[in-house]
Amino acid sequence: MADLKALADAVIKGDQKVAVEITKTALEEGAAPKSVLDEGLIAGMDIVGARFKKNEIYIPEVLIAARAMKMAMEILEPELVKAGVEPVGKLLIGTVQGDLHDIGKNLVAMMLKGAGFEVIDLGVDVGPEKFVEQIKASNAHLIGMSALLTTTMPGMERTIQALKDAGVSAKVMIGGAPVTQDYADKIGADGYAPDAASAVDMAKSLVA
Ligand code: B1M
């Protein structure tokens, strides 16, 4: 039987080729897609997240690991759908209006995918109206907003207000270099995370 611990190790090392090979072999041998996800890909990304939090590894290693996970997910995803496996939660994410920074937002999105979330990425420069329109269309449980400029942070508050006005009950999580817990509290966000690994913990607690 394919070694799912070796799959987790391949993700941790960012070895795309091995991650894809083991995923294919595991499925061919009849492993349950959910086990491949939980014991292989998510187990690997959990360790990556924990090491990133402890500053044992840095952004480039996380991006490489996330890429390996993404390649393996492309093979696994159709099998998960066939098997009717539900994601941990559905999250809509975007960088707020006027802001084009997306490296941190992409990292958060990748880590959340690695943790089993379905992620709909709206990209950059996302205005309140688009967040409202897309949350209604997707029925996502969570909205994630990223801002890197002090001048674009108020877009988070405007979006929260627009969501309230539209009667949307999805939880809101925010982050980005200038964003703080105090700011999150001030504008009524449900959660704040200082980094991508903490964003996974926060998202899990918000959908629990
Ligand atoms: Co710009 N930029 N930039 N920039 N840029 C900063 C942010 C800046 C601090 C540089 C500086 O002056 N020292 C400064 C902002 C000052 C401020 O407002 N306080 C700045 C500025 C001023 C600008 C322009 C206005 C410059 C100009 O044109 N005059 C301009 C604005 C354009 C716009 O957006 N409208 C601009 C443009 C750019 C580039 C396009 C050149 C490029 C962006 C490329 C891209 O993203 N595709 C760029 C870059 C790369 C930076 C720096 C160098 C790096 C940002 C980054 O990617 N960090 C940055 C200076 C710096 O930080 N050293 C700077 C790495 C990334 C992984 O971290 O995004 O913080 P970060 O994400 C972290 C956490 O914050 C958290 O998790 C991530 C991973 O741990 N997180 C979340 C992020 N989002 C989250 C969401 C969550 C939870 C956690 O929940 C949903």
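How large is log10 I(q)/I(0) at q = 0.10 Å⁻¹ when the Debye formula is applied to the Cα atoms of segment 6-90, each weighted equally and without solvent?
-0.23
To the nearest 10 degrees, how steep is helix 4-13 against the longest Cα principal axis of the chain, on a 0 to 90 scale?
Around 50 degrees separate the two axes.
In whole Å, largest first, what are the principal axis extents of the Cα atoms in segment 121-208?
Principal extents (largest minus smallest coordinate, Cα): 32, 28, 24 Å.
Give me the number: length gained by fully extending Val207 to Lys136, i.e. 0.36 nm times residue separation minus the C-alpha to C-alpha distance, one decimal in nm. Can you show the working numbers first?
Details: separation 71, 0.36 × 71 = 25.56 nm, distance 1.74 nm.
The Val207-Lys136 span can extend by a further 23.8 nm.
Roughly what angle does helix 154-165 make with the longest principal axis of the chain, taking Cα atoms, 0 to 90 degrees, to the nearest 10?
90
Just to be sure I understand the model, the point goes 7 Å from the Cα along the line to the Cβ. What's the resulting Asp125 to Asp182 distance in nm?
Output for this residue pair reads 3.2 nm.
Nearest 10 degrees is fine. How inclined is helix 103-114 to the longest principal axis of the chain, computing both from alpha carbons?
Compared with the principal axis, the helix lies near 50 degrees.
Cα-Cα over 32 Å: which of Lys54/Lys113; Lys34/Lys54; Lys17/Lys90; Lys54/Lys136? Working shown, then result.
Numbers: Lys54/Lys113 21 Å; Lys34/Lys54 28 Å; Lys17/Lys90 28 Å; Lys54/Lys136 37 Å.
The pairs that break the limit, which is 32 Å between Cα atoms, are Lys54/Lys136.
Using amide H atoms built in the peptide plane, which far-off residues or other-chain residues are under 5 Å from Tyr192 H to H?
Sorted by chain and number, the residues that satisfy this are Ile174.
Computed over the Cα atoms of segment 32-141, what is the convex hull's projected area averaged over all directions, in nm²?
Working: hull surface 29.3 nm².
Result: 7.3 nm².
What is the diffusion coefficient of the chain in µm²/s, taking the Kirkwood radius over Cα pairs and the Stokes-Einstein relation at 10 °C with a viscosity of 1.306 mPa s?
On the way: Rh = 17.4 Å.
D, rounded to a whole number, is 92 µm²/s.
Per DSSP H run of at least 4 residues, take -39500 (n - 2.57); add these up for the chain, divide by its residues and hand me the 222 nm value, nearest 500 deg cm²/dmol. Don't jump to the answer; show the numbers that get you there.
Working: 9 runs with 112 residues, N = 208.
Result for the chain: -17000 deg cm²/dmol, rounded to the nearest 500.
Determine ³J(HN,Hα), in whole Hz, for all residues of segment 70-84 in sequence, where each value follows from phi through the Karplus function 6.51 cos²θ - 1.76 cosθ + 1.60 and θ = phi - 60°; x replaces Gly and Pro.
5, 4, 5, 4, 4, 7, 6, 3, x, 6, 5, 4, 4, 7, x
When the chain is modelled as a GNM with alpha-carbon springs shorter than 10 Å, which of Gly98, Gly89, Gly116 fluctuates the most?
Gly98
Take the Cα coordinates of segment 100-150, assign each an equal point scatterer, and use the Debye formula without solvent to give log10 I(q)/I(0) at q = 0.21, 0.24, 0.29, 0.31 Å⁻¹.
Log10 I(q)/I(0), no solvent term: -0.81, -1.01, -1.27, -1.32.
Taking the square root of 5 times each eigenvalue of the Cα gyration tensor, what semi-axes in Å does the equivalent ellipsoid of segment 19-68 have, largest first?
Values: eigenvalues 125, 25, 6 Å².
Largest first, segment 19-68 gives 25, 11, 6 Å.
Read-outs throughout are calculated quantities, based only on the coordinates presented, and are distinct from any laboratory measurement. Quick caveat, the model's predicted, so the values are computed rather than measured. No Cβ is skipped: glycine too gets one built from the backbone with ideal geometry, and neighbour counts run over all protein chains shown.
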